[in-house]
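Working notes for the structure below.
None of the figures in this text is laboratory data; all of them are computed from the coordinates on show. No experiment lies behind these values; they were computed from the predicted model shown. When we count neighbours, we look across all protein chains shown, and the Cβ atoms used for this are built from the backbone with ideal geometry, even at glycine.
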Amino acid sequence: MRTAGFVAYRIAGMLVVLLAIAAITYAIFYLLPTNPAQLSCGKPCTPENLARVERFMGYDLPWYQQFWDFLRGIVAGRTYGSGAGAVTCATPCFGYSFQLNTTVTDLIVSRFPVTASIAVGAAAVWLVVGVGSGVASALTRGSAIDRGIMTIAIAGVSAPSYLVGLLAILFFSFTLHLLPSGGYVAFGDDPLQWLGHLALPWFTLAFISGAVYARLTRGQMLEVMGEDYIRTARAKGLTERRVVVRHGLRNALIPVVTIFGLDLGGLLGGAVITEKVFSMQGLGALLIDAVHTLDLQVVVGFTLFAAFLIVLANFAVDLVYGLVDPRVKARV
Amino acid sequence: MKNLTRAGIIAIAATLLITGCSSTTGAAGTAVTNKGGTLTILTPSTKIDLDPAKSQNLAITTLGLIERRLTTWDIRAGRPATVVPDLATTTGTPSDGGKTWTFTLKDGLKFADGSAITSADIKYGVERSFSDELSGGLSYHKSLLVGGADYHGPYSGSALASIETPSPKSIVFHLTGAYGDWPWIASMPAFSPVPQAKDNPATYGQDPVASGPYKVASNKQGTALTLTRNTYWSAKSDTVRVAGPDSVVFRMSQDPSTAAQSLISDAGDTKAAFGAAFLGAAQLAQVNRDPAAKARLATSQAGPLSYLALNTQRGALKNLDVRKALEYAVDKKAYLIASGGAAAGETATTLITPGIAGRQAYDLYPAGADGDVKKAKSLLAKAGQSSGLSLTLLVLNDATSLAKAQAIQQGVQRAGITVTIAPEDENSFYSDATATDANYDLALYSWQPDFPSANSNIQPLFASSEIGDGRNNVARYSNPEVDALIAMATAEVDQKAAQALWAKADKRIMQDAPVVPLSYAKQSFLRGSKVKNFFVASFPAYPNYLTLSLAK
């Protein structure tokens, strides 16, 4: 019962956050001194043509009415124009992109597999490599292995993703001709090609994020391994492996889980730079294009989706805490 | 450019001698054409909408491969662009003093589904471009056709009475006034045939019914568009398309730097590829350091105009002598260096650009390569502005534009004119430059005409009707004498006579010095080693997709 109440409370909070984000995004775009309809006006853009486009898109209405129509569309759907050429956006309608001729929902659904492929794969790589090297580094503190891992980690933390991505393309694509320089092939079309196209983005993201996890895990492990209960566990005659994994790593992972949840949630909302560098049409690339072309409906719909992922990730992290740390479960 | 084309022809001829493979003479007569292979086009575009009503495509690029129009452009290296018949037998027959234009379709024209192309399909294609849901395309015809202002397309069941189809092979357009450049207007995407039975405005742009040499095989937005041969297209009826490759693949969402790097390395399938985006200054420098890549570079002849617009309705700039002083004070050499040097353009002195038929070269304000400061100062003194003239310069907020603006700023500073640079992001810049209420003295602007006629160089930029409201008379120039000249040239149906009138308007406008012509821009594109007959003319400063073929 306590858990059900906790979940209901969190869901209500999530809805309030999402509504506030949608309102703020709408207001920001409305305040911009530019007119999105002008980009769909044609050439030459006569005042008559502009008025037609504004009317059709609903941009001739005040911003609060546009916002209300947007919210109503989520629960009741929307129709733009009339007659045989009318554009229908079915429930739940998160807006319609007149520049891409499709609903925002369809855009997100079609782009999400690309971003998810990048994010989940990269997250798996950086989690395994980052945590593994962090543990190895902590257990061999002061050794050449420790210094080597931490040197690489500093390079990873310091390097911007576009630089790592471009260097990876230069080396693996243009010099060794081992991997494609960009693009995306769906897993269903060709699993090997899917893997080949994703290898460099995964490596790039994992190199950067894995470095943070390695440093964090190392620090946590060093702290935890010095605790009294570790000494007690050893005194009880447990094997070193059991001491490290069950008693050391499990406790050291708590802050790692927090960051991992937020990182993965953020990345699922679009790996903007990585997608651009590797010419992949995921959610990040969609957002950048929408901002450049003032595609308001896409920006608002996408922002809501990305915010939803972050909020959801936070919620998931809270639940996972219970699994990792029994003390948390007792408090929920 | 000529040498590059010639080299391509020699290479193909040599290959033919060795392999003994079949070939045909290109329909456009520009080169020997190999048949076969897959041509790949690397484009940064994340979407390719093939709906003719929504398109601003040039006649010689993507849509030109799939959709034919009533007329089209014959673009060849080293020659001004000309308008030629495409689906029609002629470029149109004027009557009623140029207010009515009649076209007759060629025999045996078919869509990719085997059905006949009729004049009703052209009429429907033009009508649907008036629909509110299909906005965004080239729309010159909308204000020229009688009744166009109040027409909202065929989806509500109404037709546009000013387009008549007396027979399946003839179509007649009734205009609100005489318009000599209607043959150019009929070359725009909206004049492609669209069969009404196959039209769904929400999806037509994904897979239109082809009338050109290629049809859509697959169209995955953001990833790739693949075209294959339309077997119902007849080379005999087409004088501009050679249809060399068996298939054409547009690889979308390509990062320009990565695409350029792929083309420089010329490995794998990039040998049969070219970049749709022109090279930036950094990529150009990289190509110029690599002799093998440099040999595969095509640079346009000097083309689109970049200019400094002087707001003729504001403060001291209302005075002709002040504007003339700016003509002399600007350092065009420094401007060109800031633009990227000789590879990026040539110094401009006229409004009609090279490559446009009827252009007459002249220079009303000869000032040497870097300006005539002495002359500028004397004109300022004559205008009573010897010191203290201070002007704002509206400019795009990117590194190249800012460097150009600084070149202008430093140039006019020599004559005692202080310029404050006001950078703005792209959307704000164009909104402010074309707004009804102007808040700038100077603006750094450029113009690529939508069709290769002097009309498109002059009317949108200098007619009084084009001031504010999103229109492009950024100098806010208004002269009844010039308006009358523009009206006369617009109505003239004789091309030679019209060209003479446009050339006269060009000089007359420059006598009032509303703009300082700065440069005719050049654009460079890179191809793979197997792409043949790859050239970029003066106008448009983009490769002609219709005449390409691949080496065996």
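Please give the charge dipole size of the protein assembly as shown, origin at the Cα centre, charges +1 on K and R Cβ atoms and -1 on D and E Cβ atoms. Round to the nearest 20 debye. Let's see the in-between values first.
On the way: 74 positive and 64 negative charges, 463 e Å.
Dipole of the protein assembly as shown, to the nearest 20 debye: 2220 debye.
Mind checking which of A:217, B:288, B:200 is farthest towards the positive end of the protein assembly as shown's charge dipole, using Cβ charges of +1 (Lys, Arg) and -1 (Asp, Glu) about the Cα centre?
After comparing all options, I get A:217.
Report the trypsin sites (Lys or Arg not before Pro) located in segment A:203-243 that are in a DSSP loop and have at most 13 other Cβ atoms inside 10 Å of their Cβ, or state none. It would help to have the intermediate numbers written out before the result.
Working: sites: A:215, A:218, A:231, A:234, A:236, A:241, A:242; in loops: A:236.
Here the sparse-neighbourhood loop sites are A:236.
Under the classification rounded if a/c is under 1.5, otherwise prolate if a/b is larger than b/c and oblate if not, where does segment B:305-521 fall, given a ≥ b ≥ c as square roots of the Cα gyration tensor eigenvalues?
On the way: a/c = 1.42, a/b = 1.39, b/c = 1.02.
In terms of gyration-tensor shape, rounded.
Find which of B:514, B:386, B:399 sits farthest along the positive direction of the dipole of segment B:305-521, computed with +1 on the beta-carbon of Lys and Arg, -1 on that of Asp and Glu, about the Cα centre.
B:386
As an exercise, find the ratio Rg/Rh for the protein assembly as shown from alpha-carbon atoms, using the Kirkwood inverse-distance average for Rh.
Ratio value, two decimals: 1.02.
Dimensions of segment A:105-331 along principal axes (Cα, Å, largest first)?
Projected onto the principal axes, the Cα atoms of segment A:105-331 cover 63, 47, 31 Å.
Could you give the size of the charge dipole of segment A:2-102 about its Cα centre, using +1 on the Cβ of each K and R and -1 on the Cβ of each D and E, expressed in debye and rounded to the nearest 20? Present the calculation step by step, with values, prior to reporting the outcome.
Details: 7 positive and 4 negative charges, 67 e Å.
Dipole about the Cα centre, nearest 20: 320 debye.
Excluding residue B:251 itself, what net charge comes from residues whose Cβ is under 12 Å from its Cβ, given Lys and Arg +1 and Asp and Glu -1?
On the way: positive: B:220; negative: B:255, B:269.
So the environment of residue B:251 carries a net charge of -1.
In segment B:453-518, what is the volume of the convex hull around the alpha carbon atoms, normalised per residue and reported in Å³? Before the final figure, lay out the partial values.
Numbers: hull volume 5.6 nm³, N = 66.
So the per-residue Cα hull volume is 85 Å³.
With unit charges on the beta carbon (Lys/Arg positive, Asp/Glu negative), name the residue among B:146, B:478, A:96 whose Cα is farthest towards the positive pole of the charge dipole of the protein assembly as shown.
With unit charges placed on the Cβ atoms, the residue in question is A:96.
By how many degrees, between 0 and 90 and to the nearest 10, does the Cα long axis of helix A:191-224 differ from the longest principal axis of chain A?
Here the helix axis deviates by roughly 50 degrees.
If one takes the longest principal axis of the Cα atoms in chain A, at what angle in degrees, from 0 to 90 and to the nearest 10, does the Cα axis of helix A:144-158 lie?
So the inclination is approximately 10 degrees.
Taking a quarter of the surface of the Cα convex hull of chain B, what do you get in nm²? It would help to have the intermediate numbers written out before the result.
Numbers: hull surface 97.7 nm².
Hull-based average projected area comes out at 24.4 nm².
Cα centroids of segment A:90-105 and segment A:1-63: how far apart, whole angstrom?
Comparing the Cα centres of segment A:90-105 and segment A:1-63, I get a distance of 12 Å.
What lysines could a cross-link reach from residue B:496, if we take a straight Cα to Cα line under 16 Å and drop same-chain neighbours fewer than 8 places away?
B:504
Pick out which of A:190, A:263, A:318 has the largest mean-square fluctuation in a Gaussian network model of chain A, springs linking Cα atoms closer than 10 Å.
Its mean-square fluctuation being the largest, the pick is A:190.
Quick check: Cα centre of segment A:271-306 to Cα centre of segment B:287-325, how many Å?
After rounding, the separation between the Cα centres reads 33 Å.
Over segment B:212-334, what lengths in whole Å, largest first, do the semi-axes of the equivalent ellipsoid take, defined as the square roots of 5 times the eigenvalues of the alpha-carbon gyration tensor? Mind showing how you got there, number by number?
Details: eigenvalues 354, 106, 46 Å².
Equivalent ellipsoid of segment B:212-334: 42, 23, 15 Å, largest first.
For helix B:2-19, report the angle its Cα long axis makes with the longest principal axis of the Cα atoms of chain B; keep it between 0 and 90° and round to the nearest 10°.
For B:2-19 against chain B, the angle is about 20 degrees.
So which lysines can residue B:271 reach, going by Cα to Cα under 25 Å and dropping same-chain residues fewer than 8 places off?
Qualifying lysines at Cα under 25 Å: A:276, B:2, B:35, B:47, B:215, B:220, B:294, B:522, B:530, B:532, B:552.
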